[in-house]
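First comes the structure, then the notes that go with it.
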Amino acid sequence: MRVVVTRALALLAAATSVSAHHSFAAQYDAAKPLTLTGTVVKIDWTNPHIHIFLDVKDGKGSVIQWKLEGFPPNMLIRQGWQRDVTLKPGAVITVAGWHARLEANEGAARYVTFSDGRKMASGPPAGTWGQ
Amino acid sequence: MERRRALGWFAALGVAWMIGWPAAFAQSAAQPIPRAANGKPDLSGIWIAQGALALAAGEDEVKAALAADAAAGRTPLPARAAPPYRPEAEARRQYYLNRRGIDDPMARCLLSGVPRIQLRPLPFRIVQLPTEVIVLYEIHHAFRMIPTDGRPHPSDMEPSYMGESVGRWDGDTLVVDVRGFNDKSWLVGVGTVHTEQLRVTERYTRDSYDTMLYEAVMDDPDVFTKPWRIQERFRLRPNDRVREYECIENNEDLQRIEKLLQNESVFRLPTQQ
């Protein structure tokens, strides 16, 4: 069993792509996907990651603020993002990504879907192991 | 042969039209490989590893790059072989893999080392001078200065993340001999450890206006049973530039990693609990 797992792990490590900065797998749980729709409160447009702060209604009348990590600004710019233009406070968006392993209301943001239906990559795929 | 080449170009243009080939590729595809005054290929330009292109610039650019490769008859590079580690080194690699890469020096904004720095999803700029090649990296704001005037490695090398590079030309290929490393970087991916005995021989061959073949042979008798060879293809990014990337600006990973390390069961592979 151990051998099988190790082999599978080796394959996984070989198949995954590079990460920008750190190992995704240590900090985020690829087995816990996340889809959140909410209102953007602010965007930290900083290195080595941006963070999107998103107010999400929990269905019981409460609002929970999520903190979602994305690519560094340079990688977003090369994929067509513009600071203060593409994403602004007040925008209603849907974020698809994965839960953080430790923090309850944090996650990795893989895609952002805007209210007009456009979808843009905002962070790395799950399983990037710092190749 | 001419007819076949013409057909190839026709097919390439068709594919390019269909997938919306970025203007950058379309403009430069037919240009010859530039040469310096001394007749050597001029490697100057902004480049990025093709394997990192999806993260760096999105899937459309990957499709365009693959279409350009197919049209030009460039075959995909073989999958990377696993490092030919001695058992002790392989055990260390497995340790880091089982910890899901949390120990990655890069997460602490430390220099990536060689050859890892060549494979990042951020571009680098090569400036080729008559007796020196300078590489300026977006990641870490790192640089390499590679003399090509025949001088040897410095006699006072201190172990360092990036080592000391000395270059020479082998025909149209720039060969770079890198030594003087510390043992703190990873070579290519999680847990690819090495010692201060590491010596990396890189080969840079510009095989078209838009592309450059890269090979790194890592030799470290303390960890490998034989040298480890990897290949990559770099792509020219004529409309890009090397931007500022201040990794430590807001590196919240440091605090998160500290918290995770106090809860090892949270990030370790289940088999290791």
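Against the list (1) surrounded by fewer than 16 Cβ atoms within 10 Å (Cβ to Cβ); (2) of a type outside the set (D, E, K, R); (3) in contact with a Leu (Cβ under 6 Å, 6 or more places away or on another chain), the condition residue B:157 fails is (3). Taken over the stretch A:51-82, the criterion of being away from chain B (no Cβ under 14 Å) and among the aliphatic types (A, V, I, L, M) is satisfied by A:54, A:56, A:63, A:64.
The set of residues in the stretch B:228-273 that are part of a loop (DSSP other than H, G, I, E, B), farther than 17 Å from residue A:46 by Cα and without any contact (Cβ under 8 Å) to a residue 12 or more places away in the chain comprises B:262, B:263, B:273. When the stretch B:185-218 is filtered for residues that are in contact with a Ser or Thr (Cβ under 8 Å, 6 or more places away or on another chain) and of a type in the set (S, T, N, Q), the ones remaining, listed by number, are B:185, B:205. Within the stretch B:235-255, if we keep just the residues that are closer than 22 Å to residue B:204 by Cβ and buried (at least 20 other Cβ atoms within 10 Å of the Cβ), the residue that is nearest to the other protein chains (Cβ to nearest Cβ) turns out to be B:240.
Of all residues in the stretch A:47-75, exactly one satisfies the criterion of being crowded, with 19+ Cβ neighbours inside 10 Å and acidic (Asp, Glu), namely A:69. Summed over the stretch B:104-130, the residues that are part of a loop (DSSP other than H, G, I, E, B) and free of Cβ contacts under 8 Å to residues at least 60 places away in the same chain give a count of 0. Summed over the stretch A:91-131, residues that are assigned to a loop (DSSP other than H, G, I, E, B) and either more than 12 Å from chain B (Cβ to nearest Cβ) or of a type in the set (D, E, K, R) (or both) total 10.
Restricting the stretch B:20-37 to residues that are of a type outside the set (Phe, Trp, Tyr), part of a loop (DSSP other than H, G, I, E, B) and modelled with pLDDT under 95, the residue that is nearest to residue B:149 (Cα to Cα) is B:31. Restricting attention to the stretch B:68-110, the residues being more than 13 Å from chain A (Cβ to nearest Cβ) and farther than 30 Å from residue B:31 by Cβ number 6. The residues on offer are B:196, B:232, B:258, and the sole one that is within 14 Å of chain A (Cβ to nearest Cβ) and at pLDDT 95 or above is B:232.
It is to be established whether one or more residues within the stretch A:57-64 are within 16 Å of the chain's Cα centre (by Cα) and either assigned to a strand (DSSP E or B) or at pLDDT below 95 (or both). Within the stretch A:57-64, none of the residues are within 16 Å of the chain's Cα centre (by Cα) and either assigned to a strand (DSSP E or B) or at pLDDT below 95 (or both). Quick test for you: out of B:96, B:85, pick the one residue that is surrounded by 17 or more Cβ atoms within 10 Å (Cβ to Cβ) and in contact with a strand residue (DSSP E or B) (Cβ under 9 Å, 6 or more places away or on another chain). The conditions single out B:85.
The values are calculated or read from the model by the stated rules, or taken from the named source; none is laboratory data. The structure presented is a predicted model; accordingly, all values stated were derived computationally and were not measured. Note: ideal-geometry Cβ built from the backbone for every residue, glycine included; neighbour counts use all protein chains shown.
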